[in-house]
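Here is the structure we will look at.
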Amino acid sequence: MNVAIIKYNAGNIGSVENAVKRLGIEPIVTDNVELIQSADRVIFPGQGEARSTMNYLKAHRLDEVIVNLKQPVLGICIGMQLLCRHSEEQDTDCLGVFDVDVKRFIPQCHEEKVPQMGWNTIEDVKSGLFSGFERPEFVYFIHSFYVPTCDWTIATTNYIQPYSSALHKDNFYATQFHPEKSGRVGERILKNFIEIK
């Protein structure tokens with residue numbers, strides 16, 4: 001299995017690389033177009049800020065490459081948000097795979113802190129990404145922006161309001177949470193992604 005992790009100006013790529021290695025796979029961390037296009041699976045990870053990240057992707061033609069991939073692709077955190085149409089973070093146009101806009105959390109009371117940071121549950125799961133899941137499971141989040149529930153929602157989480165914690169459309173999958181930081185649950189999700197047909 002040939003797994004490419006897209007290398008760009010975002011944090012947390014090393015954690016994703018190590019998580020894939022724990023599954024017995026040596027991934028390639030690369031921004032090389034040919035290596036990304038020829039991979040069996042592509043992971044688009046990251047922690048970062050929408051506008052500077054989109055500018056980097058465009059400067060390296062990775063925006064065109066990502067949207068035209070035909071193999072299974074997994075966006076993580078900012079990777080999920082950038083697969084959407086537009087982000088309220090610095091009024092940024094994104095890749096548009098998912099025709100939905102990314103919104104900023106607006107706290108309704110003092111106890112609601114932004115960013116959401118820590119463990120929360122994913123519920124109402126569907127698609128092969130969550131094969132074997134029979135109850136709400138805890139995963140790790142850190143984010144100030146969210147994707148509303150929409151036609152492509154395959155998991156929801158409630159923080160300030162219900163929102164999409166995972167998306168799926170065609171060969172594109174995405175999680176707002178970090179599977180690489182979510183223990184055995186996250187490891188199962190990554191394994192499911194690797195095994196998706």
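Things worth noting here:
- Matching residues in the stretch 33-69 - criterion: being closer than 28 Å to Lys197 by Cα, of a type in the set (Lys, Arg) and either assigned to a helix (DSSP H, G or I) or over 17 Å from the mean Cα position of the chain (by Cα) (or both): Arg61
- Applying the set (1) part of a strand (DSSP E or B); (2) on the phi > 0 side of the Ramachandran plot to Gln90 leaves exactly one unmet item: (1).
- Meets criteria (open to solvent by 20 Å² or more (accessible area, probe 1.4 Å), within 23 Å of Thr149 (Cβ to Cβ), in contact (Cβ under 8 Å) with a residue 24 or more places away in the chain and among the acidic types (Asp, Glu)) for Asp101: yes
- Apart from one condition, Glu187 fits all of (1) open to solvent by 10 Å² or more (accessible area, probe 1.4 Å); (2) assigned to a strand (DSSP E or B); the exception is (2).
- Whichever residue in the stretch 1-29 is modelled with pLDDT under 95 and among the polar types (S, T, N, Q) and, among such residues, is surrounded by the most Cβ atoms within 10 Å (Cβ to Cβ): Asn12
- Any hit, the stretch 122-138, residues being within 24 Å of Thr157 (Cβ to Cβ), of a type in the set (Phe, Trp, Tyr) and open to solvent by 30 Å² or more (accessible area, probe 1.4 Å): yes
The values are calculated or read from the model by the stated rules, or taken from the named source; none is laboratory data. In this text the structure is predicted, and so the values were computed from the model without any measurement. Here the Cβ is made from the backbone with ideal geometry for all residues, glycine too, and neighbour counts use every protein chain on show. Ligands, DNA and RNA are excluded from the accessible area calculation, which covers all protein heavy atoms including side chains. Shrake-Rupley method; radii C 1.70, N 1.55, O 1.52, S 1.80 Å.
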